[in-house]
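Below you'll find the structure I mean.
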Amino acid sequence: MKHLVLSRREMKKLIKNEAVLIDGIPATHVSNNVDATLQVITVNGTRIHDDSQKYYMLNKPQGLISATTDKEHTTVIDLFANENVEGLYPLGRLDGDTEGLLLVTNNGPLGYRMLNPDQHIEKEYYVEVNGPLDNDAVETFKRGVTFHGGYQCKPSMLTIIESSDNLGRATVTISEGKFHQVKKMFLCVGVKVTYLKRIRFGEFVLDESLAPGEYRELNEAELQLVKTYF
């Protein structure tokens with residue numbers, strides 16, 4: 001049975017009678033986020049099959065905004081012109097001039113779960129700045145950078161790759177996502193970000209074989225990671 005069309009009332013009744021199993025465990029609520037592509041879902045012992053849910057990894061290029069539609073700017077969803085884009089949206093956002101890992105899906109509830117601040121999902125970036133980086137900056141990031149307005153960021157990890165008078169290269173890992181946060185953090189230690197690329201989101205790592213603007217469907221291992229947010 002590929003699809004099962006039921007009213008909300010009918011589904012509630014099935015769930016109450018423990019007739020709906022998700023990976024062998026009775027469903028608890030009609031609003032459970034499920035995906036028959038990733039999970040074994042049975043109703044009265046009959047398995048439901050559905051391949052309508054889509055999950056992509058995108059290497060976002062500079063110049064595109066992380067939105068579904070925009071009257072003035074090209075969006076990341078415009079890159080998916082050859083796909084069925086109905087319901088597709090980016091999980092989170094990257095600034096227009098920032099490159100790198102962006103997950104795109106049509107699973108609505110997934111974004112709420114993954115972007116919930118309580119999840120404390122780590123984001124790792126490769127960064128280039130216009131000046132030197134030193135151990136004082138590393139310690140400042142470790143303590144939690146304080147912005148000029150008084151907001152103190154959560155502790156983060158700065159790893160210096162290279163440092164010279166006019167160039168610093170590093171990776172930085174944060175667990176929150178304030179507006180322009182990474183750029184502001186580096187300004188607070190006296191340098192300006194000239195290039196920014198997200199290379200990791202939680203356990204999802206950017207596939208470096210993807211050129212900017214290219215995407216692919218998540219592989220089996222990555223789909224298993226998606227399940228942990230259901």
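When both residues are 6+ apart or on different chains and their Cβ atoms are under 6 Å apart, which pairs have a first residue that lies in segment 135-153 and is at positive phi, and a second that is assigned to a loop (DSSP other than H, G, I, E, B)?
144/153; 144/154; 144/155
Give me a count of the residues in segment 41-54 that are without any contact (Cβ under 8 Å) to a residue 24 or more places away in the chain and either small (Gly, Ala, Ser) or surrounded by 12 or more Cβ atoms within 10 Å (Cβ to Cβ) (or both). Outline the logic, then answer.
Step one: list which residues in segment 41-54 are without any contact (Cβ under 8 Å) to a residue 24 or more places away in the chain, which gives 41-42, 45, 51.
Pick out the ones that are also either small (Gly, Ala, Ser) or surrounded by 12 or more Cβ atoms within 10 Å (Cβ to Cβ) (or both) and you get 41-42, 45.
Total meeting the criteria: 3.
Is there any pair with a first residue in segment 1-22 that is over 19 Å from residue 37 (Cα atoms) and β-branched (Val, Ile, Thr) and a second that is modelled with pLDDT of 75 or more and surrounded by 13 or more Cβ atoms within 10 Å (Cβ to Cβ) whose Cβ atoms are under 7 Å apart and which are 6 or more apart or on different chains, and what are they?
Every condition considered, the pairs that remain are 15/27.
Give me the strands (runs of 3 or more DSSP E) completely within segment 1-82, filtered to those with at least 2 residues that are under 19 Å from the mean Cα position of the chain (by Cα), ordered by residue number.
Working: elements: 20-22, 41-43, 46-48, 55-60.
In segment 1-82, the matching strands (runs of 3 or more DSSP E) lie at 55-60.
The values are calculated or read from the model by the stated rules, or taken from the named source; none is laboratory data. In this text the structure is predicted, and so the values were computed from the model without any measurement. In this analysis, Cβ positions are derived from the backbone assuming ideal geometry, glycine residues included, and neighbour counts consider all displayed protein chains.
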